[in-house]
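Visitor: One structure is given below, represented as structure tokens, and several questions about it will come after.
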Amino acid sequence: MARIAGINIPTNKKVFVGLTYIRGIGPKVASDICEKANIPSERRVNQLTDSEVIQIREIIEGNYKVEGELRREVSTNIKRLMDLGNYRGLRHRKGLPVRGQRTHTNARTRKGPAKSIAGKKK
């Protein structure tokens with residue numbers, strides 16, 4: 001089992017699909033990494049040699065922000081918005097949708113489960 005950036009990559013998947021299990025690496029970046037490491041697209045993770053795994057690990061560490069570093073950067077960006085007190089920061093602080101979605105109905109993912117209001121019968 002290959003372990004890259006603190007993530008266990010599934011062994012029976014193709015390499016570029018397995019790399020997408022790492023946070024911050026999507027299909028395009030994964031195929032770019034495979035190209036840089038000269039790994040064919042049909043190759044599976046369990047067929048990789050140790051030197052190829054090390055080469056992939058070095059490419060990722062040198063060129064991309066992944067996992068913990070990426071999470072830290074995103075959370076500091078959100079905290080910065082909240083400290084500034086601008087509109088997006090206030091929406092983050094209140095736990096409402098940030099990107100202009102409607103809240104009259106829907107938005108349950110952001111707002112959480114519906115809270116019933118006492119005496120609201122009609």
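The values are calculated or read from the model by the stated rules, or taken from the named source; none is laboratory data. Fair warning: this is a prediction, and the values are worked out from it, not measured in the lab. Every residue, glycine among them, receives a Cβ derived from its backbone with ideal geometry; neighbour counts consider all protein chains shown. These area figures cover heavy atoms from the full protein model, side chains too; ligands, DNA and RNA do not enter into them. Shrake-Rupley method; radii C 1.70, N 1.55, O 1.52, S 1.80 Å.
Visitor: Inside segment 1-38, can you point out the residues that are assigned to a loop (DSSP other than H, G, I, E, B) and within 19 Å of residue 68 (Cβ to Cβ)?
Guide: Hits for segment 1-38 are 5, 6, 20, 21, 22, 23, 24, 25, 26.
Visitor: Report, by residue number, each residue of segment 57-72 that is touching a residue at least 12 places away in the same chain (Cβ under 8 Å), part of a helix (DSSP H, G or I) and not charged (D, E, K, R).
Guide: 59, 60, 68, 70 - these are the residues of segment 57-72 that are touching a residue at least 12 places away in the same chain (Cβ under 8 Å), part of a helix (DSSP H, G or I) and not charged (D, E, K, R).
Visitor: Please find, among 93, 102, the residue that is outside any helix (DSSP H, G or I) and modelled with pLDDT of 90 or more.
Guide: Going through 93, 102 in turn, the sole match is 102.
Visitor: Collect the residues in segment 10-25 that are in contact with a helix residue (DSSP H, G or I) (Cβ under 9 Å, 6 or more places away or on another chain) and open to solvent by 20 Å² or more (accessible area, probe 1.4 Å), keeping them in residue-number order.
Guide: 10, 11, 12, 13, 14, 16, 17, 20, 23, 24
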